[in-house]
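Following: one structure in structure tokens, then a few remarks.
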Amino acid sequence: MTKGLVSAALCATLAAGSLFCEAALGASESANIADPAVAATPPMGWNPWNAFRTDVDESRILETARLLKELGLAKIGYRYVNIDDGWAFRREADGRLRIRTSTFPSAELGNGQTSFRPYVEKLHAMGLKAGIYSDIGRNTCAQFWDANEPNQPVGSRLQREVGTYGFQKQDALLFFTEWGFDYIKLDACGVADYAASADLVKKGRFRAFMPLILRDRPAASDAAALEKLYADFSRAAQAATPSSRPILAICAWGEADVADWAGRYGNLWRTSPDIDKTWATMLRNFDSAAPRALFAGPGRWNDPDMLEIGNGDFDATHLTEARTHMSLWAIIAAPLILSYDLSRSTKELLDIVGNPDVIAIDQDPAGNQGVILSRDGDIQVLVKQLADGSQALAIVNRGETSRSYAVPLTDLHLDATAPVTAHDVWQHRSYAISGGQVQAQLGPHETLLLRLTGTLDNPDTVYLSQMPARVRVLASGFRPTDRGPERPWVPARLGYLPSGESAIRNGRPDRKALAVAAGARIEIALNGEFKRFHAVPDGAGPLQIFGDGRLLFRADGTERIIDVPVINVRRLQLVSPPANRSGSLPYGVRVWHEVSLIKQDADLASGRSRSAATRRP
Ligand code: GLA
């Protein structure tokens, strides 16, 4: 894998510390090739899988497309109409994929060839976008997990190999250049489930593929090989679409540490196994994405999977649960992909998925994923900084009994002596906050979702939790070998250690803390807007701070405070050393408290932007 230019420059700068530098970088360090311009906000649309699985056809999808328009959903953002598993008929001898024309009749060209072009053009003519599905391996998920469901690929073993493995360039040209798709969901069962020992493989139904993903066992999986496959496909997709690039949705279910590196190649990536129409799987999937605020931003989104609103525990008889599901996806800037039968939608469900205030929180242009402020038993609080200076606050009751709860305005960096207004986006009412705290009375499974407008108590200081979208985790550093679904590990977090415990300062949880795995490297886009970087080390050991590739400061770990001038710096990098067993923190973890940036003086900043403006032609 090629190393990025920035990392090469860093190592050169660090003559004396080059060993440290090399150790801090490592194999996953590579140039970013995802295109941030596509999916500038989380993708929104519809996918048939949760409602119909493989039992889907063109008329059903086009009917849904019509409904998206007629019901006003397209207008408020639900534009990607995606196909999931079940469209591929077979791969021909020349490698070309053939479409199942019994379910997609418009694909029949009459000359022995099939093409999705007419179907895609129909969607485009409706002002919608079109998405397709494939797999990074040789075979798809439904071929393995839904083998008895309809619409499976047919023919010989080779003809049934409809995944992209070995055909990345050819398939990318077909999907994007020839057929014109705007989005692809690229699944991973082909590199996970077709081991020589699998029943269907032993029976000769499929060719064996030595698994790169061992489910629930990230340390035993071959993340580097998986990363290379997705990187190669991402490049093939870009080469096939020189002008408007497709959205790449990486669907490897949070396995093989995919959520740590997928943002370099894709625009969204699944962080967990498939959602089901149950409250428990909805929360599980939310919990897999919620701690990963530092990985998301415009063009790159954590994906806890498609919405189940309209199905099972979130159907028209469970509107509280449906509202909570929607609130949770919105506060963490998750993609909003509907996946229920819109022809059976009720007005109440449409009011939920079509609530413009909730969608505005999800789609906020700053692209900040909400961060977890606290968890107190079944009550969880998240806050999302919005582009206009307001913040979204979600107070969630995950439990079965009613609860009341209060969030102090000071926890939101708001001046409690100045007026603060709350807009309740589900109740459609605004009110003034009094008593210095936001009060919530929550029934079982209920969420209070507010948009809060007030005055910041310290307007010159910006904490990372107020701009997580500006952070990129460039290298993940140390990973414990026993990580996995039961022991998740998030290499860079705010307020919590990578292992999930609270970061503690003076005996209390510190939500202003930045905790990273040893050896991690993060970059913060300062864009010349700040004058000082500030942090309080906590037995954290050394830290190197680079501004635009130049070493600004080398902390040896004995400082009481780190306070570094960053005037005019556009990109700040924090490089933590690899693990060692000394220090007060758990092995492999580094924590800095009060991590903040002090804004450039208003007059200087505006002076600079004025002069920049005059330089423009
Ligand atoms: C996997 C994916 C699902 C769906 C199915 C299709 O399970 O995670 O979202 O695409 O495959 O077979």
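The values are calculated or read from the model by the stated rules, or taken from the named source; none is laboratory data. Note that the structure is predicted; figures quoted are calculated from it, not measured. Cβ: placed from backbone, ideal geometry, glycine included. Neighbour counts: every protein chain shown. With ligands, DNA and RNA removed, areas are computed over all heavy atoms of the protein, side chains included. Shrake-Rupley method; radii C 1.70, N 1.55, O 1.52, S 1.80 Å.
Of the residues making up the stretch 263-283, those that are away from the ligand (no atom under 14 Å from the Cβ) and either touching a helix residue (DSSP H, G or I) at 6+ places or on another chain (Cβ under 6 Å) or assigned to a helix (DSSP H, G or I) (or both) are Gly263, Arg264, Tyr265, Thr278, Trp279, Ala280, Met282, Leu283.
Among residues belonging to the stretch 534-556 that are crowded, with 16+ Cβ neighbours inside 10 Å and acidic (Asp, Glu), point out the one that is farthest from the chain's Cα centre (by Cα). Filtering the stretch 534-556 for residues that are crowded, with 16+ Cβ neighbours inside 10 Å and acidic (Asp, Glu), the one farthest from the chain's Cα centre (by Cα) comes out as Asp538. Within the stretch 327-338, one or more residues are among the polar types (S, T, N, Q), away from the ligand (no atom under 16 Å from the Cβ) and either within 25 Å of Thr447 (Cα to Cα) or open to solvent by less than 10 Å² (accessible area, probe 1.4 Å) (or both).
Here is a list: Phe181, Phe206, Phe176. Which entry is buried (at least 21 other Cβ atoms within 10 Å of the Cβ) and assigned to a helix (DSSP H, G or I)? Answer to the selection: Phe176. Among the residues of the stretch 55-68, are any open to solvent by less than 50 Å² (accessible area, probe 1.4 Å), within 12 Å of the ligand (Cβ to nearest atom) and touching a residue at least 12 places away in the same chain (Cβ under 8 Å)? Yes: the stretch 55-68 contains one or more residues that are open to solvent by less than 50 Å² (accessible area, probe 1.4 Å), within 12 Å of the ligand (Cβ to nearest atom) and touching a residue at least 12 places away in the same chain (Cβ under 8 Å).
Any residue at all in the stretch 78-100 that's surrounded by 14 or more Cβ atoms within 10 Å (Cβ to Cβ), part of a helix (DSSP H, G or I), modelled with pLDDT of 95 or more and of a type in the set (Ser, Thr, Tyr)? No, every residue in the stretch 78-100 fails to be surrounded by 14 or more Cβ atoms within 10 Å (Cβ to Cβ), part of a helix (DSSP H, G or I), modelled with pLDDT of 95 or more and of a type in the set (Ser, Thr, Tyr).
Here is a yes/no grid of residues against (1) small (Gly, Ala, Ser); (2) without any contact (Cβ under 8 Å) to a residue 40 or more places away in the chain:
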site	(1), (2)
Leu186	no, no
Ser197	yes, yes
Phe206	no, no
Ala249	yes, no
Ala259	yes, no
Ala262	yes, yes
Tyr265	no, no
Asp274	no, yes
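Of everything in the stretch 491-535 that is of a type in the set (Gly, Ala, Ser) and not in a loop (DSSP other than H, G, I, E, B), the residue that is nearest to Ala262 (Cα to Cα) is Ala492.
Scan the stretch 392-411 and tell me whether some residue there is touching a Ser or Thr at 6+ places or on another chain (Cβ under 9 Å) and loosely packed, with under 14 Cβ neighbours inside 10 Å. Within the stretch 392-411 (the criterion being touching a Ser or Thr at 6+ places or on another chain (Cβ under 9 Å) and loosely packed, with under 14 Cβ neighbours inside 10 Å), the answer is no, since none of the residues qualifies. Of the strands (runs of 3 or more DSSP E) contained entirely in the stretch 418-468, those carrying at least 3 residues that are over 17 Å from Val358 (Cβ atoms), modelled with pLDDT of 95 or more and under 28 Å from the mean Cα position of the chain (by Cα) fall at 461-463.
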